[in-house]
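Novice: So that we are looking at the same thing, I have put the structure below in structure tokens.
The values are calculated or read from the model by the stated rules, or taken from the named source; none is laboratory data. Predicted model only: the values in this text are computed from it and were never measured. FYI the Cβ positions are ideal-geometry reconstructions off the backbone, even for glycines, and counts take in every protein chain you see.
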């Protein structure tokens, strides 16, 4: 008992060191961006910072509006996340802050919880803190590496569905109507695509033509200018022109003067205010918020990984997605302390930062400082921004999330990709987004496991020349050599057991030799299936031998206690120099068990062939 406990603790410590020990996360702030920093670097970073700030400030307000919170939350997060990212993340060009996809995921969650919807604003810092802690832990556990195992079809389908929901959600501002029924409360907000569309149809008689015209003109201008002048801060430019146009038209047309606008804020509203998360009222909210925190952290991790890899491939930088995840986690904790909303890696701002000539990560911090200056200077002018103008720009950005080229690729590549895309997209239409993305991931994983979990079992026999070859008829009817090819992880365990059991149905069979030379990824589930087979074989007074085990497979058998169950004398480790030697020894053991010497076993090695040829 003591030895088993000691072995368990030793194995656990070894696995933990192997999994976490080489994470190489830089916990403290890094000064690397400032080393060798000169006038030329400052000039390029400052230009990039100005361009990013011109885009970041209006986007901060827009994404806060998408999330359904006051625009101050978006501005605070944009500033804090970009500064913190400079010192903790690894990527030079990735700019942190609120994004369209994560903002609407947050909104989608809160509308499904009417009891929390009224407190959404005050819960933002708490949510940011939870997301940040999840990301920090994920960085140490190298969770960002798992992104490479998630099919891109999930992301393409999710972004397409989220884009449609974002656009439908902003149409109310273009119509100048409210989706809450007359006399209703915030809890009566539509909670799905179909309910939103149905409510919009019911509001058609109350549609105001002024915000609709202004919104349509704004969308058209944004989409056209974005194609013609992609490097310019088109978002901010169009917002200023649209707001000015509304101001001018309000002198002649009263409807433009009565359009819904955002409330201005005082510079003091941007001063960090640490939320009191120790309040007892927050205790009951951690459980429902934790699922949302996991979903936002997962989506933000994927966004950040794709962004950093894309930009790194264009400039030849080394990618460290786990350090970026850790940095984003610290940034979200800082946003929580500052009273902001959750942040992710912004696609549009990061690309603009790179294309504007940024040299170091300092460009992101410069952009944040300029954004802060702009917010303080223009705080009183926010009241002149029509909600229809900002909603139109949000719709314009959402259009870019629907990548028709990637959708065609996913639909045409394989059936698994097509199914994953369709299921993920359909899930976003009928479920909250924080649930839909995991439905898409689960679909992708299940379809992958269906393909991967199919080990091939083929009966082999020795030829007269001493080589192993596939055989339809055994020379020794009582002995079967079963070659296992493929993965033997948990998803394949049942199939593996069933296939071996079919072999055991032969009444003449007395000994089965499992040849595991090409078997991979043996895990606990497969080991338990193997243990069941050993019991069944022993109960039937037959024998099971194992040959050709690799070092990794033998280690699993030893650590799980299966070596004693099978019998050390019945396991024959593989030999790199002679792949068939273990099977020959197993066959000799089988004949010994049967008390026969029916076949003279010889193994011939062609020394003229390379080892790879022999294997």
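Novice: Looking at residue 346, is it out of contact with any helix residue (DSSP H, G or I) (no Cβ under 6 Å at 6 or more places or on another chain) and either farther than 26 Å from residue 45 by Cβ or buried (at least 20 other Cβ atoms within 10 Å of the Cβ) (or both)?
Specialist: Spelling it out, residue 346 is indeed out of contact with any helix residue (DSSP H, G or I) (no Cβ under 6 Å at 6 or more places or on another chain) and either farther than 26 Å from residue 45 by Cβ or buried (at least 20 other Cβ atoms within 10 Å of the Cβ) (or both).
Novice: While we're here: Let me confirm something: among 153, 128, 108, 91, which residue is in the same structural domain as residue 406 (by TED's automatic domain parsing) and outside any helix (DSSP H, G or I)?
Specialist: Exactly one of 153, 128, 108, 91 is in the same structural domain as residue 406 (by TED's automatic domain parsing) and outside any helix (DSSP H, G or I), namely 91.
Novice: How many of the residues in the range 181-212 are part of a helix (DSSP H, G or I) and out of contact with any helix residue (DSSP H, G or I) (no Cβ under 9 Å at 6 or more places or on another chain)?
Specialist: 5
Novice: Take the residues of the range 312-324 that are in contact with a helix residue (DSSP H, G or I) (Cβ under 6 Å, 6 or more places away or on another chain) and crowded, with 21+ Cβ neighbours inside 10 Å: which is nearest to residue 353 (Cα to Cα)?
Specialist: Among them, the one singled out is 324.
Novice: Let me ask something additional. Read through the list (1) buried (at least 24 other Cβ atoms within 10 Å of the Cβ); (2) in a helix (DSSP H, G or I); (3) at pLDDT 90 or above, then give the number of the only condition that residue 374 fails.
Specialist: (1)
Novice: Scan the range 554-575 for residues that are within 39 Å of the chain's Cα centre (by Cα) and in a loop (DSSP other than H, G, I, E, B) and jot them down.
Specialist: 560, 561, 574, listed by residue number.
Novice: Based on this model, can you work out whether residue 158 counts as in contact (Cβ under 8 Å) with a residue 24 or more places away in the chain and closer than 27 Å to residue 314 by Cβ?
Specialist: yes
Novice: Within the range 498-531, which residues are under 34 Å from the mean Cα position of the chain (by Cα) and free of Cβ contacts under 8 Å to residues at least 24 places away in the same chain?
Specialist: none
Novice: Among 103, 143, which is the only one that is surrounded by fewer than 24 Cβ atoms within 10 Å (Cβ to Cβ) and assigned by TED's automatic domain parsing to the domain that holds residue 338?
Specialist: 143
Novice: May I pose another question? Look through 538, 585, 559, 578 and report the one residue that is surrounded by fewer than 21 Cβ atoms within 10 Å (Cβ to Cβ), assigned by TED's automatic domain parsing to the domain that holds residue 503 and under 13 Å from residue 522 (Cβ atoms).
Specialist: Within the list 538, 585, 559, 578, the selection yields 559.
Novice: Tell me, please, whether a residue that is surrounded by fewer than 13 Cβ atoms within 10 Å (Cβ to Cβ) and at pLDDT 70 or above can be found in the range 8-20.
Specialist: Taking every residue of the range 8-20 in turn, none turns out to be surrounded by fewer than 13 Cβ atoms within 10 Å (Cβ to Cβ) and at pLDDT 70 or above.
Novice: For the range 32-60, what are the residues that are farther than 17 Å from residue 352 by Cβ and either assigned to a helix (DSSP H, G or I) or in contact (Cβ under 8 Å) with a residue 40 or more places away in the chain (or both)?
Specialist: Of everything in the range 32-60, those that are farther than 17 Å from residue 352 by Cβ and either assigned to a helix (DSSP H, G or I) or in contact (Cβ under 8 Å) with a residue 40 or more places away in the chain (or both) turn out to be 32, 33, 34, 37, 39, 40, 41, 42, 43.
Novice: Can you list the helices (runs of 4 or more DSSP H) found entirely within the range 377-450 that contain at least 2 residues being surrounded by fewer than 19 Cβ atoms within 10 Å (Cβ to Cβ) and at pLDDT 90 or above?
Specialist: Ranges flagged: 404-413, 415-430.
Novice: Considering each residue of the range 112-124, count those that are within 17 Å of residue 338 (Cβ to Cβ) and at pLDDT below 85, and give that number.
Specialist: 3
Novice: Then there's this: Can you confirm whether residue 178 is in a loop (DSSP other than H, G, I, E, B) and closer than 27 Å to residue 395 by Cβ?
Specialist: For residue 178, the condition - in a loop (DSSP other than H, G, I, E, B) and closer than 27 Å to residue 395 by Cβ - is met.
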